[in-house]
Amino acid sequence: MGHGPAVKLGKDDAASFKTSLGVKMFFGYTFFYVLFVLLNVYFPKSMEIIIFGQTAAVVWGFSLIILAFIMAVIYNHFCTQAEKRYNS
Amino acid sequence: MIYTQSPLAIGLFIFFVLFVLGLSFYLARRTSSAEGYYAAGGNIHWMTNGIAFAGDYLSAASFLGICGMIATSGYDGWMYSIGYLGGWVVALFLVAEPMKRLGKYTFTDALDSKFNSKSIQLMAAISTLLVSIFYLIPQMVGAGVLVQPLMGLPHWVGVCIVGVVVTLIVATAGMASTTYVQFFKGAMLLLVSTTLVVMVLFRGLSTTPENDGKPYHDFTTLYADNALVLEDSSYRVIAGLDSIFGKEGFVKLEKNGRESIWKLHATDNGYTLEETLFATRLNDGTRLYNGSPADDGHFFPVGHIKELIVNGEEVAATGPVGPFSFLSALTESTIVLWGTAYVPDADGITTIYYQKPTPGSQILRPGLRFKVDNSTPMEKFNFISLMLALFCGTAALPHILIRYYTVPSQAAARKSTIVAIAGIGFFYLLTLFMGMGAMTNGVINLLDNNMSAPLLALSFGVFLFAIISSLAFATVLGTVSGLIVASSGAIAHDLLDNFLGLKMNDRTKVRAGKISAVCIGAIAIYLGIVFEGMNVSFLVGWAFAVAASANLPAILMLLFWSKTTARGVAASITVGLFSSLGLILISPDMWLRYGKLPADAPIQFNSPALISIPLAFAALVVISLMTQKDVNVGHATELSNN
C-alpha cells in the first residue's frame, strides 16, 4: 500500500505527553482567537479604543501573532524535555 | 498605464526564472526514486524546511493580496494575516507530529494509515486535487498581475509563463527542487520586505507623498452655486444634476476637450465638487481611463493623507518614524480612501472612484470591508465563517502537509513548524506597514490593488521595484510548484497506485507524477486566465474554506476519536468538500462572476466554513457510529485469522 513514513522513525515514548500538551495549548490559543473574533462582531467599537497610542484592534493583532510564537517556543521546550526524559 | 517597464526589472526577472530552473535541473539527479520525487528523500534539515514552509505559505495571496487589501480597506485586510497565522497554531499543536508519523508521500497516506480503505484513498485524492486547484487559481492570477508592469505583457501571458516554468520545475525534480526554491524565496521575501518597511518608516508620513521624484497628483476642488454655475468658468457642465450621473451624486464636466467626473457635496450656498477617477467600458468593448485610452497615462495612482496629526498637532510631514509612531500618527490622522460607484448610461458603464476621507482610528480597526458595525445576523455569520476558515484551513492544506514528509523525524517536523511561525508571523507584521505605506504614499492602482506592495517599492526607485516584483514572481513559482507536487502525488500515488492498484515501481511512479504535473499545470493556466481581476487573497479565502471543510474534520477525528471508521472519514471528506464547494458556487460573489446581481444569489454569505465544517464533523460522527459493526467484524476476523 505504501503507507508509513518516507524515512524510518524511531519509537517515540513521549508522543502521548506531547499530544496532551498540544491539545491544552491549542485550546489556550483558540480562547484568545475566538474572543478576538467575537469582540469584533458584537462589540466592534471596542476595537477603536486607543491603548498606548494604538487602536485596540492593532494591539490585539500584534498580541495574537506574538502569542502564537511564544506559545510555540514554550511547547517546543516542554516537548524536547519530554523526548529526552521518555526516550533516553 | 501606471507603470513603465525597465530593462533592470526585466533582467532581474529573467535571472530569477533562470536561477530557479537551473536549481531544478541540478537537483533532478536526486529524484530517480519516489521518496526523492515526492518527499525530497525525507532528509531536509528542519531549519531549511521551516523557511521553505514560509516560502510555500507566503504566496501571492499573502504578499500581493493582503498588502493590496490593507492598502484599500485598512485593518480588514490584516484580518487575513491574523487568521492565516492562527492556522499555524492548529498545525503545530495538533497536526505536525502525527502527520509525520502516519504519512509517507501524501496527506491521503496519513488519513488512510489505519484503514487501507479504497473510499478514503479516492475521496482524499479528489479533495487534494480540488483544494490544490482552488489554491492554484489566485497564484496564477497573481502571476498575470505581476507580468503586466514588469514585462509589459498581457495578463494571460504571465499566467502561461508561470504555468510552463513551474511545470518544468516540478517535472524535473519534484519536491527536492520545490523545497530549495521555497527556502530561497522565503528567505529573500523576508529580507526584502523588511528592507521595504524600514525605508517606509525612514521616509515617514507626509500629506504630499513622494513617488521616486514624481509629484503627487494635486486634487482639485471646484465650487458651484445651487444652479450648478461653476466659479471656475473654464469648466463646462455636460451631464448635470438631472442626468443619470447627477442622480448618483456626480456631474460630468469638460475642459479643453477633456471630460472629467466630479463628486457633488451639497453646502449651504451650493455645491463643492471633488475630482474623481473613472474607468468607462463603452458598448463596443472599448475601455477608457479618465476619458482616454490606457496608453495616454491619464489614470494615475492614488493614496494620501488629508490631515496628518502627530501628538494632537497638524503637521505636513513627520520625518523618519519608528513603527509604533507610524501607526499612532495614522490613528490620529485622516486618510483619503476611495469609494466606488457604477453609473450606466447610453454610451456604456462608468466605474467612478471617489474620495472618502476617513479617520485613521476607523481604518486601523475592522469595518471597512467586512460590515461589523450595525451588521445584520447574516453579515456577522459571514465574518465569523471567514475567520473560522482561515483558522482551520492551514492545517488542512495538502501542499503544506506534505512538507512534513521531507524532514527526518517528528521533532524536526515540530521545529520546522516553529521556524515557519516565526518567519510567517514576522512577515504578517510587516504586511500592516507595507499596506498602510501603500495607502499613504500615492501608489495604489484603483483598477487592481494586488500591485500595491510592488508599487510601494517603485516609489523608492526602480531597483527595489525590480527586486520585489521578481521576488513576488518567484513567490508564485514556488507556491505553484508545491501545489503541483501535491496534486501530482494525489493522482500518481493515491489514485493510480493505491486506489486503482496499478503495480507501479519507483520509476513508473515518478513518471506518472511528472505526467500528472503537466496536466495540472495546463488546468492551472486556464483557470488563471478565467479568474483575472479578482483579489488573490479573497480567492485564497475560498481555498481555505474548502480545505478546512474537506480535510480538517477527518484529520482531527482520526487523531482524537477512537471510534472513527474508514466510512466515517470518507463521508466527512465528501460532505465537507461538496457542501463547501456547493455553497461557494451559489454565493453572491460567484453570482457577480456569472454576470448576475449578488442580491439575487440563493444565499447571502460568501464564506461557507461555518456550515460546511460542522456538517463534515457531523457526517463523520454519524457514519462512524453507524459502521462500528464493520470495525468489530473486521477486528474479529483479524483475531480469528491469527
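The values are calculated or read from the model by the stated rules, or taken from the named source; none is laboratory data. Predicted model only: the values in this text are computed from it and were never measured. No Cβ is skipped: glycine too gets one built from the backbone with ideal geometry, and neighbour counts run over all protein chains shown. Just so you know, the surface numbers come from the protein's heavy atoms only, side chains and all, with ligands and any DNA or RNA stripped out. Shrake-Rupley method; radii C 1.70, N 1.55, O 1.52, S 1.80 Å.
A few notes on this one:
- Candidates are the residues of the range B:396-419 that are of a type in the set (A, V, I, L, M, F, W, C) and within 9 Å of chain A (Cβ to nearest Cβ); the one that is nearest to A:Gln54 (Cα to Cα) is B:Ile418.
- The condition of being facing another protein chain (nearest Cβ under 9 Å), open to solvent by less than 40 Å² (accessible area, probe 1.4 Å) and more than 10 Å from the chain's Cα centre (by Cα) holds for only one of A:Glu48, A:Glu83, that being A:Glu83.
- Of all residues in the range B:262-290 being touching a helix residue (DSSP H, G or I) at 6+ places or on another chain (Cβ under 9 Å) and more than 18 Å from B:Pro357 (Cα to Cα), the one that is least open to solvent (accessible area, probe 1.4 Å): B:Asn290
- Total residues in the range B:304-322 satisfying the condition of being open to solvent by less than 50 Å² (accessible area, probe 1.4 Å), in contact with a strand residue (DSSP E or B) (Cβ under 7 Å, 6 or more places away or on another chain) and part of a loop (DSSP other than H, G, I, E, B): the figure is 1.
- Residue pairs meeting the criteria (Cβ under 9 Å; at least 6 apart or on separate chains; first within 11 Å of chain A (Cβ to nearest Cβ), in the range B:110-133; second crowded, with 24+ Cβ neighbours inside 10 Å and of a type in the set (Phe, Trp, Tyr)): B:Ala110/B:Tyr404
- Residues of the range B:258-276 that turn out to be aliphatic (A, V, I, L, M), touching a residue at least 24 places away in the same chain (Cβ under 8 Å) and over 17 Å from B:Asp345 (Cα atoms), as a count: 1
- Test for B:Leu429: is it facing another protein chain (nearest Cβ under 8 Å), open to solvent by 10 Å² or more (accessible area, probe 1.4 Å), touching a Pro at 6+ places or on another chain (Cβ under 9 Å) and over 12 Å from B:Met99 (Cβ atoms): yes
- Residue check, B:Gly442 among the small types (Gly, Ala, Ser) and out of contact with any strand residue (DSSP E or B) (no Cβ under 7 Å at 6 or more places or on another chain): no
- Extreme residue, most open to solvent (accessible area, probe 1.4 Å), among residues of the range B:246-257 that are more than 33 Å from the chain's Cα centre (by Cα) and in contact (Cβ under 8 Å) with a residue 40 or more places away in the chain: B:Gly249
- Any hit, the range B:268-287, residues being at pLDDT 90 or above, touching an Asp or Glu at 6+ places or on another chain (Cβ under 9 Å) and closer than 20 Å to B:Val229 by Cβ: yes
- Matching residues, the range B:17-35, being more than 30 Å from B:Met504 (Cα to Cα) and either open to solvent by 40 Å² or more (accessible area, probe 1.4 Å) or modelled with pLDDT of 80 or more (or both): B:Leu18, B:Phe19
- Any hit, the range B:568-580, residues being polar (S, T, N, Q), free of Cβ contacts under 8 Å to residues at least 24 places away in the same chain and open to solvent by 30 Å² or more (accessible area, probe 1.4 Å): no
- Residues being touching a residue at least 12 places away in the same chain (Cβ under 8 Å) and either under 26 Å from the mean Cα position of the chain (by Cα) or assigned to a helix (DSSP H, G or I) (or both) - total across the range B:328-354: 15
- Under the condition of being open to solvent by less than 50 Å² (accessible area, probe 1.4 Å), more than 7 Å from chain B (Cβ to nearest Cβ) and under 17 Å from B:Tyr84 (Cα atoms), the residues counted in the range A:25-45 number 2.
- Of the residues in the range B:339-357, not one is open to solvent by 20 Å² or more (accessible area, probe 1.4 Å), within 21 Å of A:Pro44 (Cα to Cα), touching a Pro at 6+ places or on another chain (Cβ under 9 Å) and not charged (D, E, K, R).
- Note on the range B:449-543: enclosed helices (runs of 4 or more DSSP H) holding 3 or more residues that are open to solvent by 10 Å² or more (accessible area, probe 1.4 Å) are B:462-489, B:506-530.
- Sole residue being out of contact with any helix residue (DSSP H, G or I) (no Cβ under 8 Å at 6 or more places or on another chain), part of a helix (DSSP H, G or I) and either at the interface with chain B (Cβ under 8 Å from one of its Cβ atoms) or aliphatic (A, V, I, L, M) (or both), chosen from A:Ile70, A:Ile74, A:Ile66: A:Ile70
- Selection within the range B:229-245: residues that are under 18 Å from B:Ala346 (Cα atoms) and in a loop (DSSP other than H, G, I, E, B). The member of this set that is most open to solvent (accessible area, probe 1.4 Å) is B:Asp242.
- Condition check for B:Arg101 on (1) open to solvent by 40 Å² or more (accessible area, probe 1.4 Å); (2) modelled with pLDDT under 80; (3) in a helix (DSSP H, G or I); (4) more than 12 Å from chain A (Cβ to nearest Cβ): one failure, at (4).
- Being at pLDDT 80 or above, within 30 Å of B:Gly360 (Cβ to Cβ), open to solvent by 10 Å² or more (accessible area, probe 1.4 Å) and more than 10 Å from chain A (Cβ to nearest Cβ) is a property that B:Thr72 has.
- Restricting the range B:388-406 to residues that are under 15 Å from the mean Cα position of the chain (by Cα) and of a type in the set (A, V, I, L, M), the residue that is nearest to B:Ile484 (Cα to Cα): B:Leu397
- Residue match in the range B:81-90 (condition: over 27 Å from B:Leu558 (Cβ atoms) and not β-branched (Val, Ile, Thr)): yes
- Scan of the range B:349-386 for residues that are within 10 Å of another protein chain (Cβ to nearest Cβ) and under 30 Å from B:Thr221 (Cβ atoms), ordered by number: B:Pro359, B:Gly360, B:Ser361, B:Gln362, B:Ile363, B:Leu364, B:Arg365, B:Gly367, B:Lys371, B:Asp373
- Filter result for B:Ser325 (part of a helix (DSSP H, G or I), of a type in the set (Gly, Ala, Ser), at pLDDT 90 or above and open to solvent by 40 Å² or more (accessible area, probe 1.4 Å)): yes
- Only one of the numbered conditions (1) open to solvent by less than 30 Å² (accessible area, probe 1.4 Å); (2) in a helix (DSSP H, G or I); (3) closer than 25 Å to B:Ser59 by Cα is violated by B:Pro366, and that is (2).
- Taken over the range B:580-599, the criterion of being hydroxyl-bearing (Ser, Thr, Tyr) and farther than 13 Å from B:Leu130 by Cβ is satisfied by B:Ser587, B:Tyr594.
- Residues that are open to solvent by 40 Å² or more (accessible area, probe 1.4 Å) and touching a residue at least 40 places away in the same chain (Cβ under 8 Å), drawn from the range B:179-206: B:Tyr180, B:Phe183, B:Phe184, B:Ala187, B:Met188, B:Thr194, B:Thr195, B:Met199, B:Phe202, B:Arg203
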